[in-house]
Amino acid sequence: MDKTLRRGSLEMTAAMLISGTIGWFVLVSGQPVLDVVFWRCVFGAATLLLICAVFGFLRPGILTRTTFLLAVLSGVAIVGNWVLLFASYSRASIAIGTAVYNVQPFMLVGLAALFLGEKITAQKLFWLGVSFLGMLAIVSAHGEQGAGGGEYLLGIALALGAALLYAFAALIIKRLTGTPPHLIALIQVCTGVLLLAPWANFSALPQQPGAWASLLTLGVVHTGVMYVLLYGAIQKLPTALTGALSFIYPIAAIFVDWFAFGHRLELLQWIGVVTILLAAAGMQQGWGNGVRKVATQ
């Protein structure tokens, strides 16, 4: 492996490991979800503003009016995605919320077919079906959650909503090719600050230093630093390797949930999680394409 690939792989691995700990900091902060997202946006905006200044992304002429509006629109979707995903953690657990959230590639495929006219291949339909079976397994496990079964299903629904909003954001960002991604991220978190400021609970700010430390970490590390690592890796790695390394995120989240909160998945939940991740990997890596080509020769 050459030096560029090695560095990109390390950056991607670090970014995914950082992402895998987000749920832990969200829950440890002990704050309402809207406040968590608001302060993540505040601290993230300060960090990304500094990063964009260092990289020279704040000079005039980089953004047109259209690209700015699209970035703002994507920010609305991203912030909504964070709110729903974070809300799912306390209901369905970090592990389940993250696993269900990984159906987002299939939602993006559907939205691209609906709005961009992209063709849905038989291979993608197959992996979509596999993912749906995994979802059924996870949903069927709600009976094992006792009296919290309703909350468990709500948590799954919130994670699905978060995945849909992320897919919308990704679709919008497809139209921002050539715009520095760090600048897009800055606009997104600034949009979040403006959107959530009316609902932020300034009259009951966190009293514990640990809560502020968690919120600061979410903004600086999980937003600013993680974006730099992620986008740096994407520029250095081939798409297939980027997709493969992205599965470190849900695996890390599952183990963090296990070690930090003692949430152990039941057998049916494990089957569902593995099935969803297998399906997402199969579609992103193009598994099955070779078989179809041989069959048509």
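Here are the numbers for the structure shown:
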{"read-out": "Qualifying residue in region 38-52 (condition: of a type in the set (Lys, Arg) and farther than 18 Å from LEU176 by Cβ)", "value": "yes"}
{"read-out": "Qualifying positions in region 209-220 - without any contact (Cβ under 8 Å) to a residue 12 or more places away in the chain and surrounded by 16 or more Cβ atoms within 10 Å (Cβ to Cβ)", "value": "TRP212"}
{"read-out": "Any hit, region 56-70, residues being crowded, with 19+ Cβ neighbours inside 10 Å, under 18 Å from the mean Cα position of the chain (by Cα), within 26 Å of SER246 (Cα to Cα) and of a type in the set (A, V, I, L, M)", "value": "no"}
{"read-out": "Residue within region 91-99 that is within 25 Å of LEU186 (Cβ to Cβ) and of a type in the set (Gly, Ala, Ser) present", "value": "no"}
{"read-out": "Criterion violated by GLN235 - all others in (1) surrounded by fewer than 16 Cβ atoms within 10 Å (Cβ to Cβ); (2) within 25 Å of VAL26 (Cβ to Cβ); (3) modelled with pLDDT under 90 satisfied", "value": "(2)"}
{"read-out": "Subset tally (residues that are under 19 Å from the mean Cα position of the chain (by Cα) and within 20 Å of TRP199 (Cα to Cα)) for region 1-53", "value": "15"}
{"read-out": "Residue match in region 78-91 (condition: part of a loop (DSSP other than H, G, I, E, B) and either within 19 Å of ALA197 (Cα to Cα) or in contact (Cβ under 8 Å) with a residue 60 or more places away in the chain (or both))", "value": "no"}
{"read-out": "Selection status of SER29, farther than 27 Å from LEU241 by Cβ, crowded, with 18+ Cβ neighbours inside 10 Å and touching a helix residue (DSSP H, G or I) at 6+ places or on another chain (Cβ under 8 Å)", "value": "yes"}
{"read-out": "Check on ALA204, over 28 Å from GLU266 (Cβ atoms) and at pLDDT 90 or above", "value": "no"}
{"read-out": "Among the residues listed as ILE248, ILE276, ILE271, the single one being under 16 Å from the mean Cα position of the chain (by Cα), over 19 Å from LEU17 (Cα atoms) and at pLDDT 85 or above", "value": "ILE276"}
{"read-out": "Residues satisfying the stated conditions in region 164-179, i.e. over 22 Å from GLN104 (Cα atoms) and touching a helix residue (DSSP H, G or I) at 6+ places or on another chain (Cβ under 7 Å)", "value": "THR179"}
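The values are calculated or read from the model by the stated rules, or taken from the named source; none is laboratory data. In this text the structure is predicted, and so the values were computed from the model without any measurement. Positions of Cβ are backbone-derived with ideal geometry, glycine not excepted, and every protein chain shown enters the neighbour counts.
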